[in-house]
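Input: a single structure, listed below in structure tokens.
Just so it is clear, none of the values below were taken in a lab; they were calculated from the coordinates. Not measured: the values here are computed from a predicted model. Heads up, the Cβs are rebuilt from the backbone with ideal geometry, glycines too, and the neighbour counts pull from every protein chain shown.
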Amino acid sequence: MPNPCRLFAAALCAIAFSALAQDALPPQVAQALNAARVSQASVAIAVQEAGASRSTLRVNEAAPMNPASVMKLVTTYAALERLGPAYRWRTEVFLDGDLRDGVLSGSLLLRGGGDPKLNLESFWVLLRALRAKGLREIRGDLVLDRSRFERAVGDPARFDGDPFRPYNVLPDPLLVNYRSLRFVFHPVPGAGTARISVEPHPPALEVVNVLKLSEGPCPEGRAFRDILLPTFEPAKQRAIFAGRFPASCGEKDLNVALLEPNDQVAGILRQLWAETGGTWPGAARDGTVPAGATPFHVHDSPSLAELVRDVNKLSNNVMARHLYLTLGMEASGAPASPEKSMAAVRDWMRQKGLPAPELVMENGSGLSRAERISAASMAALLQSAWRSSVMPEFIASLPVAATDGTMRRRLKGEGVSGQAHIKTGLLSDARAMAGYVLDRRGRRMVVVMLINHPNAPQSQEALDALLRWVYERG
């Protein structure tokens with residue numbers, strides 16, 4: 001008969017070994033962190049089987065960390081549950097004057113509802129609908145009503161000193177085409193320069209092109225923009241490119257948030273309205289729709305279930321900020337504000353049994369030095385989402401390893417390829433990921449890893465190593 005004391009000692013030993021294993025980094029993860037010169041104290045990890053109560057791996061899981069764009073998971077899950085997957089934003093059009101024989105003897109009023117995806121195509125559809133309803137000529141002004149959001153206060157250059165990057169655009173309930181213009185550069189070897197086209201191209205926009213074609217490799221990211229030596233002048237609606245363009249780049253584009261909000265809306269409307277055969281010689285100005293006015297036309301956005309895919313797969317910051325503000329607006333009424341949104345998220349998390357006392361949300365996008373959440377709270381949120389009725393829409397919005405979104409170039413040809421739905425995050429001093437991995441035994445695992453360290457941008461291999469470990473250990 002076995003000795004009960006020995007059995008009890010063996011059980012204690014097993015429990016102690018299990019607790020040690022939960023707090024020890026997998027060797028390949030530790031090695032990658034060492035190679036990046038990132039200390040374990042700067043890392044938080046939580047790994048747990050979906051639906052399980054016990055953790056597989058815990059490292060500094062309670063520490064408040066900056067999650068970078070992984071914070072979008074809080075915003076999108078809250079939005080799907082609070083607003084519903086079928087939620088749509090409305091952009092309303094009003095007529096201030098008589099419409100006779102296609103001529104409006106007065107102003108056209110646009111009231112924005114915060115549509116995060118009122119892009120060029122959607123705005124064209126809106127204007128085509130006005131033409132279909134008989135409007136051809138607008139003899140008054142374009143009046144823009146932004147009363148659904150509090151006026152965004154802040155400097156778009158505050159985050160990284162670059163106000164023209166589209167990810168720095170401030171929220172705007174009448175945001176048209178993300179307040180972005182797409183400059184496309186086409187090399188013309190015979191002329192020794194590159195031709196520049198712009199989409200959209202407001203009539204008042206001036207593009208000064210003194211680029212010279214050059215040899216050498218084509219740089220990526222900010223380095224590409226820098227060699228163009230651009231000067232952007234919003235007040236004059238002018239862009240100047242005075243640098244060089246490597247012929248090896250082929251056709252290459254650059255997105256720029258160049259124009260002021262009113263100039264963006266008015267410029268795109270003027271361009272598209274003329275293309276539809278309409279005329280409008282007036283100006284754009286701020287204003288409000290009179291109480292009780294009846295819309296001439298209402299344009300609905302795509303459903304929230306569609307939009308969260310753009311937010312998470314492409315990590316679209318301005319769309320995430322609109323979702324965040326809409327949570328507060330629907331909970332407490334217009335105008336939307338970050339304070340209302342934070343209260344709405346805290347109330348929702350309390351109802352879901354997700355206390356997260358360390359949670360700090362500034363704008364809901366993760367483009368912030370102040371936002372904080374722990375790995376444990378993020379893992380609990382992912383567990384909650386796994387049990388939620390909106391789970392299919394939520395998980396489908398996450399980038400798939402080696403397949404799409406911000407994960408499309410990672411882990412190609414490896415076992416975990418296509419088996420991980422992972423939201424990523426990257427700032428100058430933070431790197432993060434969170435999501436779900438289907439391991440090789442068919443178990444769905446919740447995975448969170450947050451790194452806050454000056455060398456965090458060099459630690460991608462450590463995050464990939466954890467995904468491999470979670471997949472293979474099954």
Worksheet item: For the peptides 439-446, 428-435, 350-357, what is the packing order when you average, over each peptide's residues, the other Cβ atoms within 10 Å and list the highest mean first?
Response: 428-435, 439-446, 350-357
Worksheet entry | Shape call, the stretch 50-92: gyration tensor on alpha carbons, a/c limit 1.5 | oblate
Fill in: Relative contact order %, the stretch 124-240, counting alpha carbon pairs below 8 Å whose residues are six or more apart
15 percent
Worksheet, complete the sentence: Placing +1 on each Lys and Arg Cβ and -1 on each Asp and Glu Cβ in the chain, then taking the dipole about the Cα centre, the residue among THR294, HIS453, VAL38 whose Cα reaches farthest towards the positive end is VAL38
Fill in: Highest average packing first - 238-245, 121-128, Cβ atoms within 10 Å
238-245, 121-128
Practice prompt. Would you compute, from DSSP H runs of 4+ residues alone, the mean residue ellipticity of the chain at 222 nm, taking -39500 (n - 2.57) per run and dividing by the full residue count, rounded to the nearest 500?
Written response: -10000 deg cm²/dmol
Item to complete: Report the relative contact order of the stretch 330-376, percent, no decimals, based on alpha-carbon pairs under 8 angstrom and at least 6 residues apart.
Response: 27 percent
Worksheet item: What number, in percent, do you get for the relative contact order of the stretch 49-186 if the mean sequence gap of Cα pairs under 8 Å and at least 6 apart is divided by its residue count?
Response: 22 percent
Worksheet item: Starting at 0 and stepping by 10 Å, how many percent of the alpha carbon pairs of the chain end up in each bin?
Response: 4, 18, 25, 23, 17, 8, 3, 1, 1, 0, 0
Worksheet item: Based on Cβ point charges of +1 for Lys and Arg and -1 for Asp and Glu, what charge dipole magnitude is obtained for the chain about its Cα centre, in debye rounded to the nearest 20?
Response: 960 debye
Worksheet entry | Charge dipole of the stretch 181-256 about the Cα centre (unit charges at C-beta), most positive-ward option of ASN209, ALA223, SER197 | ASN209
Worksheet item: Here are some pairs, LYS313/LYS412; LYS133/LYS313; LYS117/LYS352; LYS72/LYS352; LYS133/LYS340; which of them have Cα atoms lying more than 26 Å apart in this structure?
Response: LYS133/LYS313; LYS117/LYS352; LYS133/LYS340
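Over the stretch 181-256, what is the percentage of antiparallel beta bridges among all DSSP beta bridges, to the nearest 5?
Once the DSSP bridges in the stretch 181-256 are tallied, antiparallel ones form about 70 percent.
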Fill in: Residues in the stretch 155-187 reached by a label modelled at GLU233 [backbone nitrogen below 18 Å; 7 Å Cα→Cβ]
164
